[in-house]
Amino acid sequence: MFPEDFLWGAATAAYQIEGGARDGGRGTSIWDTFSHTPGKTFNGDTGDLACDHFHRFREDVKLMKSLGLHAYRFSISWPRIQPDGTGTVNAAGVDFYSELMDSLLEAEIVPVPTLYHWDLPQKLEDGGGWPNRETADRFADYADVVFRAFGDRVNQWITLNEPWCVAHLGYFSGEHAPGRKSLGDCLSAGHTLLLAHGKAVERFRTLVPNGTIGITDNVAAVHPASSSSEDFAAASRWDAYMNGWFLDPIFLGDYPDLLKSVFGDILPTITEADRKLITLPTDFLGINYYSRSIMADDPSGDGLKVRGVSQPDAPVTAMGWEIYPDGLREILEQLTARYAKPALYITENGAAFDEVADGDGVVNDIPRLEYLKAHFISAGEAIQNGVNLKGYFVWSLMDNFEWAFGYDRRFGIVHVDYGTQIRTPKASAKWYAEVIASGGQLKQRTNERP
Ligand code: FCB
């Protein structure tokens, strides 16, 4: 079902696991500010300590090795490299990632760094943040520093993680840092993120000529709530917003027409100069898939005039997200058809469940194992149907700081005891290790305790 050179991995992000928030000369990011603002995260949780990966990365690399991971997707914290987001480079930050990358290479695990997984240096937010076009230039300079420092050792790079979440959750709904609530800021942030991506790709081609680079976008299978033409139209609008807002400009050179007609002048225009940058060819597309969206028309609503609907009896995860594995095949096929068969990676897929560890930290997480198995099968079907899928990163290697949900939601295949920082592979991790060792065979036991 999976090609021999298929890359099996796991993913994390800097703010979610590193901790060491004040160590090694790290600057302040918008997530430090946001999580320390009362009422913004569950229980007031912050990433100050998280999984203490900053001090325990060697142990974590050993753990990855023991699971047989081929690759590890992690993110580089911009404020560790440039505490203020511009100029001065923090040597201790460069050293940290250098040692992490060397340990991975030594363990024969392919490092796949993401340049931006949401921790914008606070100083840049103070100067306007992502809605300010100049932030794209700051990002290009930061990317330049990183490519010069690590481009000799690391080949596979990701520019941004989920620009949709950065813009929508950060600047429109305000659920994520920096917590602004303005449609104009949100759409401008989206535009700057596209430029930032393009400018980073431009630098990459000169600095890492033999490397590969792409972007990671969150996508959903979008279905209408009924067979009415109104609900069909609503689903198309949501599809344009969820799946097309960033990918259409990158692969087709412009925002979807539906978004232009909904948002009018508030949506920035992609000028010819912008287009040249945004459409610079990339080597692959990373997608993060968790669930589907069922959309109904909502004439009384604002903007997109859509409303999400849930299936009454559908199985859901602890996030309340419907478990809908077939949507993965569907969206992979949709992207393959719409964007001329790009090379694809699933850069995140996984699930949170309410689970209890026994006294030894052991978690028999059969629901997660079943979730992953069903999604692997769906991905395998997509490959059979002609999708050029090259790898799969499970979210997440270990339990971690789940943004506004703090430590309340556990996505890891490895359990983390936050009191002792002891890591214990869950049943899903042991099962995943067997899948990898067998070259993607999915026959392994699923319902007995390993
Ligand atoms: C994605 C994020 C990732 C994690 C998962 C559950 O949107 O990229 O950091 O929080 O959701």
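Any read-out appearing in this document is the output of simple, stated calculations on the displayed coordinates, not a laboratory observation. None of these values were measured; they are calculated from a predicted model. Please note: Cβ atoms are built from the backbone with ideal geometry, for glycine as well, and neighbour counts cover all protein chains shown.
Listing Thr271, Thr46, Thr33, Thr88 from fewest to most neighbouring C-beta atoms within 10 Å gives Thr271, Thr88, Thr33, Thr46. Relative to one another, the C-alpha centroids of the range 259-324 and the range 155-199 are positioned 13 Å apart.
By the beta-carbon count within 10 Å of each Cβ, the least crowded to most crowded order of Lys276, Lys430, fewest first, is Lys276, Lys430.
When you restrict to C-alpha pairs under 8 Å that are six or more residues apart and normalise by the size of the chain, the relative contact order lands at 17 percent.
Based on alpha-carbon atoms only, what is the radius of gyration of the range 347-450 relative to the globular estimate 2.2 N^0.38 Å? Mind showing how you got there, number by number?
On the way: Rg = 14.3 Å, N = 104, 2.2 N^0.38 = 12.8 Å.
Against the compact-globule rule of thumb, the ratio is 1.11.
When the P(r) is computed for the chain, the part past 44 Å accounts for 6% of the Cα-Cα pairs. With a simple spin-label model that places each label point 7 Å from the Cα along the Cα-to-Cβ direction, the separation between Leu252 and Asn210 comes to 3.7 nm.
Rg over Rh for the range 356-406 works out to 1.11, both radii taken from alpha-carbon positions and Rh defined as the Kirkwood radius.
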